[in-house]
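For reference, the structure discussed in these notes is given below.
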Amino acid sequence: MKKLYLSVAAICIIHIGFAQQIDSVSPLQDSLKMHRVHHLQEVIVTDQKHSYQANNLSSSLRLLTPLQKLPQNIQVITQDVLNDQQITTMGNDIIRDVSGAVRLEHWSMYTRINMRATRASEFRNGMNITSTWGPLSLDMGLVDRIEFVKGPAGFLMSNGEPGAIMNIVTKKPTGIDQGELSLMFGSYDLYRIAIDKNGRFDKNEKLLYRVNLIGQTQNSFRPYEFNKRLSFHPVITYKINDKTDFTAEYTLQSVNMSDVGSPYAYSPKNYADVPRSFTTLEPGLDPAHISEQNFFFYFHHHIHENWMLTVQSAYFDYRQQASDIWPSSIDSAGNMIRGVYNFDVLSQYAFGQIFLNGQLSTGHISHHILTGLDLGNKQNWYDWSQYHELDTQDHPFNIYQPVYGSPSNGLPTFDRSKSIRQRAGNNTINQSYSALYVQDELGFAEDKIRLTLAGRYTKAQQSDYGTPYQADHFTPRVGLSVSLSNDASVYALFDQSFLPQSGLLRGNKLPKPQTGNNLEFGIKKDFRNGLWNATVSVYRIQKNGLLVNDPDTTDNPNNRYSLQIGQSVAKGFELDIRGQILKNLQAVVNYAYTEASITKDVDKNKVGQPLPGYAHHIINSWLTYQSQNGKWKGFGVSAGCSYQKDRIGWSGIFQAAVPYRPLSDYFRLDGGVFWQINQLKINLTVNNILNAYLYSGGAYANFYYWQTEAPRNYKLGISYRF
């Protein structure tokens, strides 16, 4: 594998030496001027009408330095990629567009993505909305782009997992009077209509708007499953003057769906032991009702030509009334007692951010300054206190010969006469934090050498199921980026994250927070005058201070004490290629090698064992070719594949009652054809062309569980721009 690292790096360096030169990217001052001209937060102007690559980040990530000059692997999935692949929700379609991402099986209304062997924190417009169960996956029709920041990102947050951050940027007004109407039909009774209207209220272009309205309904390849969704997303921007603008954004997502646990399959023998269409769902179970509303407010003011102030806030309200089906027991013959819990959630989040971007010089050294304050309060109430078994011991449900419609013990009736705040009791997870960040990007040799010195001080208070704990921690960030030419750079980065921990050490001492240290090196290169780019990175993330059980039972009632000696290491190599690699040919190609294991534990048998939730090798590709001339003008074809080898499931390799079984390798082939003329586009996409049995899962108690992907399926999209 080391030889592979060196070979790929050498190839990139050779390309750097012979590639065509382009003009240098604008410095921060020009970025500030661009923002002032457009007065908008998320509008990033490019001279490409259709592009799979981006040169800059959204301003919700706060960094105005061009991507090529940043000392970190950051990948952007553009709206054109989402549209061409006809992606409607977060999931397996998304993860193929960035290196090293895997999606772990979860309840179907959420999306849990792991990168670098830890969970990727989910941000929306620069605000951390990650929760234990949630948030509701955002409809991709509301999304402008998705930004993946690999490793810790001190400029956004430090109190979280060190693997990655995915920032979902919603659509904003552009000031252009245009709209799009799209229809989609597909397998399993998929019907979808979406309207995206963009414009201005006045001739002076001071008051801009954008409205998205989406309705979708779809059944499933599993019987009795369904999902109905309505999304509404209006945004208004008021340009107060040439220096100041204000944006207000509202999102409503309403979902009516079948039992949230129904996608799981089970077996006492092995994975993939029952057909893909298997379900434990009973058709008479009440559907789940989910509603998510959120408000965003953004204020931008150019204090000076070189200084810009941003203030933004958000409020989230998530409400879920659902049930979750899960085995109460299962024997070796496949006889199961199905249990159903109520699964009700209330989540309310509030965020406030203020940050300042600016530029100054001291002699021949330029300083690109970023400083800001982050505030957040996240409260979650959960209720799963009511339980009902659908089956009896005399009349169980058999996974090999399932019978539906009349469970022997009847259907549940849950009492929700009290509010969820009353029913939750100690089933709450709350977090409050405040953080101050200061960064100076020093430019030397006419900005060809950039040294980033930064630090974040965070104070976090948390309570999990009635147990409060807190932590104050300073996390440094040091980065170095060197431009080898106008279109190539190399970089090195050290950044750190931390997580407060609940527990008790001997002497009744509280544990220190666990830390995640990321050391990363990389090469970035633009090709064909910036039409496509490549990023190569190697990294090592070491998590220190993990809690493990104290094996000494002396004066240790109920094993209450822990030892803070645990350590794990994730390391790997990543390659991302995206953009127009040839005339008329757009591509997204990536590869990741990941190795993650326990390096310190009181149980010596665990040392060297792999961490859960990653694949050693991941290869993804998506190619789109469109003819621009002749009788085939407007006609295009697309194809892509995803391959995962040596997968480690969510439960890892330690099982109590069933032997460890590795997940099989994963290969999925997709493709499509489309035709576009003027404002009309017709797009046919076929997923899982080989009709493979695709799944991910783990083991629990005395059985295996997994979720299957859909068999071969299609989407036919028709869109018209006006």
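Any residue that is polar (S, T, N, Q) and surrounded by fewer than 16 Cβ atoms within 10 Å (Cβ to Cβ) - is there at least one of those in region 329-346? Looking for residues that are polar (S, T, N, Q) and surrounded by fewer than 16 Cβ atoms within 10 Å (Cβ to Cβ), one finds at least one in region 329-346, hence yes. Just give me the residues in region 206-234 being without any contact (Cβ under 8 Å) to a residue 40 or more places away in the chain, assigned to a strand (DSSP E or B), of a type outside the set (A, V, I, L, M, F, W, C) and more than 14 Å from Lys172 (Cα to Cα), in sequence order. Gly215, Thr217, Gln218, Asn219, Lys228, listed by residue number. Where strands (runs of 3 or more DSSP E) sit wholly within region 363-459, those with at least 1 residues that are in contact with an Asp or Glu (Cβ under 9 Å, 6 or more places away or on another chain) and not hydroxyl-bearing (Ser, Thr, Tyr) occupy 365-383, 428-444.
Does at least one position in region 235-251 carry a residue that is buried (at least 17 other Cβ atoms within 10 Å of the Cβ), assigned to a loop (DSSP other than H, G, I, E, B) and at pLDDT 95 or above? No, that holds for no residue. Pairs meeting the criteria (first residue in region 468-485 and under 11 Å from Asn159 (Cα atoms) and in contact (Cβ under 8 Å) with a residue 40 or more places away in the chain, second residue among the hydroxyl-bearing types (Ser, Thr, Tyr) and part of a strand (DSSP E or B), beta carbons under 6 Å, at least 6 apart or on different chains) are His473/Thr458. Conditions: (1) surrounded by 14 or more Cβ atoms within 10 Å (Cβ to Cβ); (2) without any contact (Cβ under 8 Å) to a residue 60 or more places away in the chain. Gln628 meets all but one. Number of the miss? Against the list (1) surrounded by 14 or more Cβ atoms within 10 Å (Cβ to Cβ); (2) without any contact (Cβ under 8 Å) to a residue 60 or more places away in the chain, Gln628 comes up short only on (1).
Screening His301 on (1) under 24 Å from Thr170 (Cβ atoms); (2) within 27 Å of the chain's Cα centre (by Cα) shows it passes everything except condition (2).
Of the residues that make up region 594-607, is at least one closer than 26 Å to Gln86 by Cα, touching a Ser or Thr at 6+ places or on another chain (Cβ under 9 Å), buried (at least 17 other Cβ atoms within 10 Å of the Cβ) and without any contact (Cβ under 8 Å) to a residue 60 or more places away in the chain? The answer is no; no qualifying residue exists. Scanning region 169-184 for residues that are under 17 Å from Gln85 (Cα atoms) and at pLDDT below 95 yields nothing. The number of residues in region 460-491 being surrounded by 16 or more Cβ atoms within 10 Å (Cβ to Cβ) and not in a strand (DSSP E or B) comes to 2. Here Ser502 qualifies as at pLDDT below 95 and under 26 Å from Met115 (Cβ atoms). A residue that is part of a strand (DSSP E or B), in contact (Cβ under 8 Å) with a residue 40 or more places away in the chain and not hydrophobic (A, V, I, L, M, F, W, C) occurs nowhere in region 198-205. Considering the conditions (1) buried (at least 24 other Cβ atoms within 10 Å of the Cβ); (2) of a type in the set (D, E, K, R); (3) without any contact (Cβ under 8 Å) to a residue 40 or more places away in the chain, Arg116 is excluded by exactly one of them, (3). Going through (1) under 16 Å from Leu370 (Cα atoms); (2) assigned to a loop (DSSP other than H, G, I, E, B) one by one, His50 falls short only on (1).
If I filter region 345-365 for residues that are among the polar types (S, T, N, Q), at pLDDT 95 or above and closer than 30 Å to Trp706 by Cα, do I get at least one hit? Yes.
When Tyr188 is tested against (1) over 24 Å from the mean Cα position of the chain (by Cα); (2) closer than 20 Å to Gln320 by Cβ, exactly one condition is not met: (2).
Could you check, for region 321-330, whether at least one of its residues is part of a strand (DSSP E or B), without any contact (Cβ under 8 Å) to a residue 24 or more places away in the chain and over 23 Å from the mean Cα position of the chain (by Cα)? Checked against the condition, which is being part of a strand (DSSP E or B), without any contact (Cβ under 8 Å) to a residue 24 or more places away in the chain and over 23 Å from the mean Cα position of the chain (by Cα), region 321-330 yields at least one hit.
Looking at Tyr465, is it within 19 Å of Thr515 (Cα to Cα) and either within 25 Å of the chain's Cα centre (by Cα) or touching a residue at least 24 places away in the same chain (Cβ under 8 Å) (or both)?
no
The set of residues in region 94-112 being surrounded by fewer than 23 Cβ atoms within 10 Å (Cβ to Cβ) and acidic (Asp, Glu) consists of Glu105 alone.
Within region 80-91, being surrounded by 21 or more Cβ atoms within 10 Å (Cβ to Cβ) and either outside any loop (DSSP other than H, G, I, E, B) or not polar (S, T, N, Q) (or both) holds for Val81, Asp84, Ile87, Met90.
Yes/no matrix, rows are residues, columns are (1) within 26 Å of the chain's Cα centre (by Cα); (2) modelled with pLDDT under 95; (3) surrounded by 18 or more Cβ atoms within 10 Å (Cβ to Cβ):
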residue	(1), (2), (3)
Gly671	yes, no, no
Asn678	no, yes, no
Asn687	yes, no, yes
Ala692	yes, no, no
Ser696	yes, yes, yes
Lys715	yes, no, yes
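Against the conditions (1) charged (D, E, K, R); (2) within 30 Å of Ile129 (Cα to Cα); (3) surrounded by 22 or more Cβ atoms within 10 Å (Cβ to Cβ), Asp324 satisfies every one except (3). Would a scan of region 584-603 turn up a residue that is in a loop (DSSP other than H, G, I, E, B), over 28 Å from the mean Cα position of the chain (by Cα), of a type in the set (S, T, N, Q) and more than 30 Å from Gln79 (Cβ to Cβ)? No: zero hits. Taken over region 119-158, the residue count meeting the criterion of being under 12 Å from the mean Cα position of the chain (by Cα), farther than 22 Å from Ser463 by Cβ and among the polar types (S, T, N, Q) is 1. Evaluation of His301 against the conditions (1) under 30 Å from Ser366 (Cα atoms); (2) crowded, with 20+ Cβ neighbours inside 10 Å shows that the sole unmet condition is (2). Taking the stated definitions as given, is Ser313 crowded, with 16+ Cβ neighbours inside 10 Å, in a strand (DSSP E or B) and free of Cβ contacts under 8 Å to residues at least 24 places away in the same chain? Taking the combined requirement at face value, the residue does not satisfy it. Note on region 509-546: among residues that are basic (Lys, Arg) and part of a strand (DSSP E or B), the one that is nearest to Ser497 (Cα to Cα) is Lys543.
Elements of the type strands (runs of 3 or more DSSP E) sitting completely within region 102-167 and holding at least 1 residues that are out of contact with any Lys or Arg (no Cβ under 8 Å at 6 or more places or on another chain) and of a type in the set (A, V, I, L, M, F, W, C): these cover 121-124, 143-150.
Residues that are of a type in the set (Val, Ile, Thr) number at least 3 in the following strands (runs of 3 or more DSSP E) confined to region 612-722: 614-626, 680-687.
The values are calculated or read from the model by the stated rules, or taken from the named source; none is laboratory data. Small disclaimer: the values here were computed from a predicted structure and weren't measured. Neighbour counts run over all protein chains shown; Cβ positions are idealised from the backbone, glycine included.
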